[in-house]
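**Student:** My structure is below; once you've seen it, I'll send some questions.
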Protein chains: 2
Amino acid sequence: MDTRTGLPVVGMVGGGQLARMTHQAAIALGQSLKVLATSPEDGAALVAADVQIGGHTDLSALRTFAKGCDVVTFDHEHVPGEHIRALAAEGVAVYPPADALRFAQDKQAMRERLTALGAPAPRWRPVADAADIVAFAAETAWPVIAKATRGGYDGKGVWVVIDEEQAVELVATGTPLIVEERVALRREVAVMVARSPFGQVAVYPMVETVQRDGICVEVIAPAPDMPTDRAVAAQKLAIDIAHALGVVGLLAVELFDTGTDLLVNELAMRPHNSGHWSIEGARTSQFEQHLRAVLDYPMGDTSLTAPFVVMANVLGGEADGLSIDERLHHLLAEDPAVKVHLYGKQVRPGRKIGHVTALGDELDAVRARAVRAARWLSEGR
Amino acid sequence: MDTRTGLPVVGMVGGGQLARMTHQAAIALGQSLKVLATSPEDGAALVAADVQIGGHTDLSALRTFAKGCDVVTFDHEHVPGEHIRALAAEGVAVYPPADALRFAQDKQAMRERLTALGAPAPRWRPVADAADIVAFAAETAWPVIAKATRGGYDGKGVWVVIDEEQAVELVATGTPLIVEERVALRREVAVMVARSPFGQVAVYPMVETVQRDGICVEVIAPAPDMPTDRAVAAQKLAIDIAHALGVVGLLAVELFDTGTDLLVNELAMRPHNSGHWSIEGARTSQFEQHLRAVLDYPMGDTSLTAPFVVMANVLGGEADGLSIDERLHHLLAEDPAVKVHLYGKQVRPGRKIGHVTALGDELDAVRARAVRAARWLSEGR
């Protein structure tokens, strides 16, 4: 409890854009997010009042950080489970708990658990050696998808394996892997749910996530042309997974849409890129919702604030000599209603440096505005 | 320019809730608001990364603060004009400029200027001695309204004077005064406009401001039952005043609505309580708009995001032993869609400690929700 305000202190391990945007939500709730950042130049460290510089794999830094926090939570999934357990054993409220978070840290554990729960998913197999991949491909088909069990993000740690030779090569790197069938997918969608320690849940409308080169470039809320019963079933699935895994905070369930089925692709347990649209597009943003969940506050309304909301990521691009500030000027002149979120990052090609959100009544128009706005900020045209 | 981000640095003098909420808007624009606060416990000082503790009447503190800022602006109107002129003379971009701000600092200067502009206003008179008040009352009627030319806020610095005896008593205090007729008003309304150095303006819909004991308790957007032509005329008046006075940043024009006329009551040149509804209720919040204006960015869309938006101030109350955190729990359970903004202040009876915003399609229901939410936070019931 912050004695200056009588309100709780949430600490977030990781100082990236998720912590940065969570700080904005914390301010409204009368709080000030405490941030454990790797560098003083991390996006959240640039804007938060209470920042500790330290590593998220350093138990002693985590212990120091946890002092004075009512709850500790995460902006990424890279804190070792044994550190989380150590903190919890010492009486720190850490959410999500290690026993839940491991299903977002380890893809094999996630696949095993989802299989046990009977959740719809691609066929998959643990991989001990290249022969496992070859045998799996014989049952399904080449190519198959190999995934590093740990540490993948934004298309990293995922490989399309077309034959035995590639399988041998990949296994030889020593990366622990699982293998999955390559699903003939029509598109990807996602459902976000928040769960509190009390067990209250709040689920957001299903969204479509548009990927390019393994990176999410656009999110459309609600997912267009999705039969209501299928969307509701996926929302129910997300809730069931959150309960079964004991998630506290946000759970993003990423799904493949085959046109007839929705198959679970990935789980994330934190604010997620697929939920950035909610800042303006839902009555309660995912960042506020995450704070409410980990604090065991009652959950907020997840209704859409407009018929269609589209978020587009801003990737660092070649901008013909225009500074980011000049690009922003041009964009704001071009579209006075688009909402901009810049993360305070140095621009590097392909790096997510921000996002934009447009909303309105006509999906095509809203989508065109979001895409154009993101391109202005990326490329200055 | 912040070399870490390539984006500008705005410094705000004053560390209250206006700076606190401006910091939230700055974060989205890739910035981090620099704050000159009186105390480390000021609302904005609790949440901003770059805080200097110092007095707003201390020129040397202001000079130090201005270093590294691209623009300096204000969360209140109490910085002496000569200090603003000194900074400007040294090359600091300070907005609003001293020559504009003085009309928000000095009610006599404001009345003289508005009279010269032909803006509709209550009859008024400068006061040199009690006889001036008596003579003015003879022309209009007792009671009259006496106002301190400087330093008034939230009903402070305003007196209802019923007779010569009270006039003599008040003048004897030595407070520089003007006197105004007591307008038979039906209600109060306000119009907010932002203006950039380039001269671009953006005006918000007219709102009704509901006052109790001289303190704004509710703001209703848009002002109900206001003939369109009269609302548009007031918006045009606000724009004309902003141009004529050379305002840069926000200008709030508070007006008396007599039922047939709209008379200018007060001017404020900063984010204003009458604009807090815009955080969720307008496409561009007043805080983002103020930043855009002082940075000479293009102005943002001021459209409403819902048919009706109601903001209610949360005043510190007697809460029967319930802590602010407990009251917040109850409120969030009671109304999952209301938006809460707490300012990080110690609760003191009558002090503005936050605000709540509700929005929707039915004014009566929206208003009831906002009022109930504010009462929950004030009184715990």
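**Student:** Quick check on my filter: what residues within segment B:324-361 are closer than 30 Å to B:PRO224 by Cα and hydrophobic (A, V, I, L, M, F, W, C)?
**Tutor:** Selection gives B:LEU328, B:LEU331, B:LEU332, B:ALA333, B:ALA337, B:VAL338, B:VAL340, B:LEU342, B:ILE353, B:VAL356, B:ALA358, B:LEU359.
**Student:** Just give me the residues in segment A:317-336 being closer than 25 Å to B:THR305 by Cβ and either open to solvent by less than 20 Å² (accessible area, probe 1.4 Å) or assigned to a helix (DSSP H, G or I) (or both), in sequence order. Lay out the reasoning, then the answer.
**Tutor:** Of all residues in segment A:317-336, those closer than 25 Å to B:THR305 by Cβ come to A:328-336.
Across segment A:317-336, the qualifying residues are A:LEU328, A:HIS329, A:HIS330, A:LEU331, A:LEU332, A:ALA333, A:GLU334, A:ASP335.
**Student:** Is segment A:218-228 home to any residue that is open to solvent by 20 Å² or more (accessible area, probe 1.4 Å), over 26 Å from A:ALA306 (Cβ atoms) and not in a loop (DSSP other than H, G, I, E, B)?
**Tutor:** no
**Student:** If you scan segment A:1-18, which residues turn out to be among the polar types (S, T, N, Q) and within 27 Å of A:GLU41 (Cβ to Cβ)? Steps first, answer last, please.
**Tutor:** Within segment A:1-18, the first condition is being among the polar types (S, T, N, Q), and the residues that meet it are A:3, A:5, A:17.
Residue satisfying the conditions is A:GLN17 alone.
**Student:** Do we find a residue being more than 15 Å from B:VAL294 (Cβ to Cβ) and of a type in the set (A, V, I, L, M, F, W, C) anywhere in segment B:74-88?
**Tutor:** yes
**Student:** Related question: Quick one: is A:GLU208 among the acidic types (Asp, Glu), open to solvent by less than 20 Å² (accessible area, probe 1.4 Å) and either outside the structural domain of A:GLY152 (by TED's automatic domain parsing) or over 17 Å from the mean Cα position of the chain (by Cα) (or both)? Before the answer, list the steps.
**Tutor:** Values: among the acidic types (Asp, Glu): yes; open to solvent by less than 20 Å² (accessible area, probe 1.4 Å): no; either outside the structural domain of A:GLY152 (by TED's automatic domain parsing) or over 17 Å from the mean Cα position of the chain (by Cα) (or both): yes.
No; evaluated as a whole, the condition is false for this residue.
**Student:** A further question follows. With the condition kept exactly as written, say whether any residue in segment B:292-302 is in contact with a Lys or Arg (Cβ under 7 Å, 6 or more places away or on another chain), within 30 Å of B:GLN108 (Cβ to Cβ), within 14 Å of chain A (Cβ to nearest Cβ) and of a type outside the set (Asp, Glu).
**Tutor:** Yes, there is a match, as at least one residue in segment B:292-302 is in contact with a Lys or Arg (Cβ under 7 Å, 6 or more places away or on another chain), within 30 Å of B:GLN108 (Cβ to Cβ), within 14 Å of chain A (Cβ to nearest Cβ) and of a type outside the set (Asp, Glu).
**Student:** Take segment B:320-329 and flag every residue that is more than 9 Å from every other protein chain (Cβ to nearest Cβ) and within 24 Å of A:SER196 (Cβ to Cβ).
**Tutor:** Restricting attention to segment B:320-329, the residues satisfying the condition of being more than 9 Å from every other protein chain (Cβ to nearest Cβ) are B:320-322, B:326-327.
Passing the criteria: B:LEU322, B:GLU326, B:ARG327.
**Student:** Would a scan of segment A:103-122 turn up a residue that is closer than 30 Å to A:GLY55 by Cα and among the polar types (S, T, N, Q)?
**Tutor:** Yes, because at least one residue in segment A:103-122 is closer than 30 Å to A:GLY55 by Cα and among the polar types (S, T, N, Q).
**Student:** Another question, if that's okay. Among the residues of segment B:339-363, what is the count of those that are more than 9 Å from chain A (Cβ to nearest Cβ) and assigned to a loop (DSSP other than H, G, I, E, B)?
**Tutor:** Selection size over segment B:339-363: 6.
**Student:** Take the residues of segment B:19-56 that are open to solvent by 20 Å² or more (accessible area, probe 1.4 Å) and of a type in the set (A, V, I, L, M, F, W, C): which is nearest to A:ALA37 (Cα to Cα)?
**Tutor:** By that ranking, first place goes to B:ALA49.
**Student:** Among the numbered conditions (1) buried (at least 22 other Cβ atoms within 10 Å of the Cβ); (2) modelled with pLDDT of 95 or more, tell me where B:THR5 comes up short.
**Tutor:** Among (1) buried (at least 22 other Cβ atoms within 10 Å of the Cβ); (2) modelled with pLDDT of 95 or more, B:THR5 violates only (2).
**Student:** For a quick check of your reading: which strands (runs of 3 or more DSSP E) sit entirely within segment B:74-192 and have at least 1 residues that are free of Cβ contacts under 8 Å to residues at least 24 places away in the same chain and open to solvent by 10 Å² or more (accessible area, probe 1.4 Å)? So that I can check it myself, show each step before the final result.
**Tutor:** On the way: elements: B:124-127, B:144-148, B:158-161, B:177-181.
In segment B:74-192, B:158-161 are the strands (runs of 3 or more DSSP E) which contain 1 or more residues that are free of Cβ contacts under 8 Å to residues at least 24 places away in the same chain and open to solvent by 10 Å² or more (accessible area, probe 1.4 Å).
**Student:** Restricting attention to segment B:6-21, which residues are within 21 Å of B:VAL92 (Cα to Cα) and either within 8 Å of another protein chain (Cβ to nearest Cβ) or part of a loop (DSSP other than H, G, I, E, B) (or both)?
**Tutor:** Of the residues in segment B:6-21, the ones within 21 Å of B:VAL92 (Cα to Cα) are B:6-15, B:19.
The answer is B:GLY6, B:LEU7, B:PRO8, B:VAL9, B:GLY14, B:GLY15.
**Student:** May I ask you to say which residue of B:GLY259, B:GLY275 is away from chain A (no Cβ under 14 Å) and open to solvent by less than 20 Å² (accessible area, probe 1.4 Å)?
**Tutor:** Working: B:GLY259 fails: open to solvent by less than 20 Å² (accessible area, probe 1.4 Å).
None of the other options fit; the residue is B:GLY275.
**Student:** Going through segment A:50-67 one residue at a time, which ones are within 14 Å of another protein chain (Cβ to nearest Cβ) and either charged (D, E, K, R) or under 15 Å from A:ILE84 (Cβ atoms) (or both)? Can you show your working first?
**Tutor:** Within segment A:50-67, the subset within 14 Å of another protein chain (Cβ to nearest Cβ) is A:50-53.
Within segment A:50-67, just A:ASP50 meets the criteria.
**Student:** Taking segment B:22-49, which residues are assigned to a strand (DSSP E or B) and more than 9 Å from chain A (Cβ to nearest Cβ)? Please lay out each step first, then the result.
**Tutor:** As a first pass, look at segment B:22-49 and keep what is assigned to a strand (DSSP E or B): B:29, B:34-37.
Those that are assigned to a strand (DSSP E or B) and more than 9 Å from chain A (Cβ to nearest Cβ): B:LYS34, B:VAL35, B:LEU36, B:ALA37.
**Student:** Something else now. Restricting attention to segment B:158-172, report how many residues are closer than 17 Å to B:ALA141 by Cβ and of a type in the set (A, V, I, L, M, F, W, C).
**Tutor:** Qualifying residue count for the region: 5.
**Student:** Right, next: Pairs needed: first member in segment B:292-316, under 17 Å from A:VAL340 (Cβ atoms) and assigned to a loop (DSSP other than H, G, I, E, B); second member anywhere, among the aromatic types (Phe, Trp, Tyr) and open to solvent by less than 20 Å² (accessible area, probe 1.4 Å); C-beta distance under 8 Å; at least 6 residues apart or different chains.
**Tutor:** From segment B:292-316, the pairs are B:THR302/B:TYR204.
**Student:** Are any of the residues in segment B:14-34 touching a Gly at 6+ places or on another chain (Cβ under 7 Å), of a type in the set (A, V, I, L, M) and within 26 Å of A:VAL340 (Cα to Cα)?
**Tutor:** no
**Student:** For residues that are among the polar types (S, T, N, Q) and assigned by TED's automatic domain parsing to the domain that holds A:ILE133, scanning just segment A:166-205, find the one that is farthest from A:HIS272 (Cα to Cα). Spell out how you get there, then give the answer.
**Tutor:** Kept after step one, since they are among the polar types (S, T, N, Q), are these residues of segment A:166-205: A:166, A:173, A:175, A:196, A:200.
Restricting the remaining residues to those that are assigned by TED's automatic domain parsing to the domain that holds A:ILE133 gives A:166, A:173, A:175.
Numbers: A:GLN166: 32, A:THR173: 30, A:THR175: 25 Å.
Among residues in segment A:166-205 that are among the polar types (S, T, N, Q) and assigned by TED's automatic domain parsing to the domain that holds A:ILE133, the one farthest from A:HIS272 (Cα to Cα) is A:GLN166.
The values are calculated or read from the model by the stated rules, or taken from the named source; none is laboratory data. In this text the structure is predicted, and so the values were computed from the model without any measurement. Glycine also receives a Cβ, built like all others from the backbone with ideal geometry; neighbour counts cover every protein chain displayed. Surface accessibility is based on the protein's heavy atoms, side chains included, excluding ligands, DNA and RNA. Shrake-Rupley method; radii C 1.70, N 1.55, O 1.52, S 1.80 Å.
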